[in-house]
Amino acid sequence: MDLWVTFIGTAASVPTAARGTAATLIARGGDRFLVDCGEGTQRQLLRSGLGLVELDLILITHLHGDHYLGLPGLLKTYGLRGRTAPVRIAGPKGLTKLLEVLRPVIGRTPFPLEVTELGPGGVPWRADGARIEAFATSHGVPSVGYALIEDDRPGMFDVAAATALGVPSG
């Protein structure tokens with residue numbers, strides 16, 4: 001299974017001419033996840049050569065603006081492009097209220113928003129021998145980090161190859 005991590009924005013709370021605010025794209029097989037969606041994420045995705053990726057899940061680490069202010073524009077763009085598949089967004093406590101407050105900015109969407117608030121140990125995605133699991137972080141506001149965890153896949157020992165290489169039995 002292919003796994004790609006692309007840093008879209010790494011400039012913390014203040015963007016620079018060369019770096020956008022927090023956003024990381026994770027691609028595992030055919031699944032696409034965005035961790036944080038800072039202001040300018042769409043532009044940075046376009047500049048990266050990846051284009052405006054159809055995301056399966058948006059993961060927000062905490063509710064400081066530099067980690068979510070790109071959401072209204074991204075959701076608006078998905079609406080203008082005619083997306084009908086649900087947009088799943090997961091994040092810490094307070095995410096639902098934040099999206100309610102942003103609703104007048106976002107407007108109506110032709111797709112449902114599926115919002116999940118979670119704490120450490122929450123699993124916003126599971127499929128195909130892997131899961132994303134939230135873990136505790138310390139940031140002064142409710143916050144979580146995310147780990148992509150693949151199920152164990154025991155290998156097979158090739159006895160003939162080991163013998164040919166001179167590995168003694170036992």
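The eigenvalues of the Cα gyration tensor, multiplied by 5 and square-rooted, give the chain an equivalent ellipsoid with semi-axes of 36, 18, 17 Å from largest to smallest. The simple spin-label model puts a point 7 Å past each Cα toward its Cβ; for L52 and V167 those points are separated by 5.1 nm.
Mean separation of Cα pairs under 8 Å and 6 or more residues apart, divided by the residue count, gives the chain a relative contact order of 14 percent. Calculate the length of the line joining the C-alpha centroid of the range 114-141 to that of the range 1-41, in whole Å. The range 114-141 and the range 1-41 have Cα centres separated by 17 Å.
Build a GNM of the chain with springs between Cα atoms under 10 Å apart, and of T137, T41, T61 the one that fluctuates most is T137. The accessible-area ordering, largest first, of the residues K76, K97 stands as K97, K76, per a 1.4 angstrom probe. Determine the calculated [θ] at 222 nm for the chain from helices alone, applying -39500 (n - 2.57) to every DSSP H run no shorter than 4 residues and normalising by the residue count; nearest 500 deg cm²/dmol. For the chain, the value works out to -6000 deg cm²/dmol. Largest GNM mean-square fluctuation across A17, A127, A136, computed for the chain with C-alpha springs under 10 Å, falls on A17.
Considering only G73, G49, G65, the mean-square fluctuation computed in a Gaussian network model of the chain, springs between alpha carbons under 10 angstrom, is largest for G49.
In a DSSP loop and with at most 14 other Cβ atoms within 10 Å, the trypsin sites (Lys or Arg not before Pro) in the range 103-136 are R108.
Rolling a 1.4 Å probe across the protein heavy atoms gives the chain an accessible surface of 56 Å² per residue. Cα convex hull of the range 1-96: how many Å³ per residue? With only Cα atoms used, the range 1-96 gives 97 Å³ per residue.
Where the accessible area of the chain is counted over protein heavy atoms with a 1.4 Å probe, how much of it, in %, is carbon and sulfur? Display every interim value, and only then the final one.
Details: 5460 of 9580 Å².
In the chain, the share of accessible area belonging to carbon and sulfur is 57 percent.
So if the hydrodynamic radius of the range 1-57 is defined as the Kirkwood radius over C-alpha pairs, what does Stokes-Einstein give as its diffusion coefficient at 25 °C and 0.890 mPa s, in µm² per second? Intermediate results must be reported in sequence, preceding the final value.
Values: Rh = 11.3 Å.
The estimated diffusion coefficient comes to 217 µm²/s.
The values are calculated or read from the model by the stated rules, or taken from the named source; none is laboratory data. Predicted, not measured: the structure shown is a model, and the values here were computed from it. Cβ coordinates were reconstructed from backbone atoms using ideal geometry, including for glycine residues, and neighbour counts include every protein chain displayed. Accessible surface areas use protein heavy atoms only, side chains included; no ligands, DNA or RNA. Shrake-Rupley method; radii C 1.70, N 1.55, O 1.52, S 1.80 Å.
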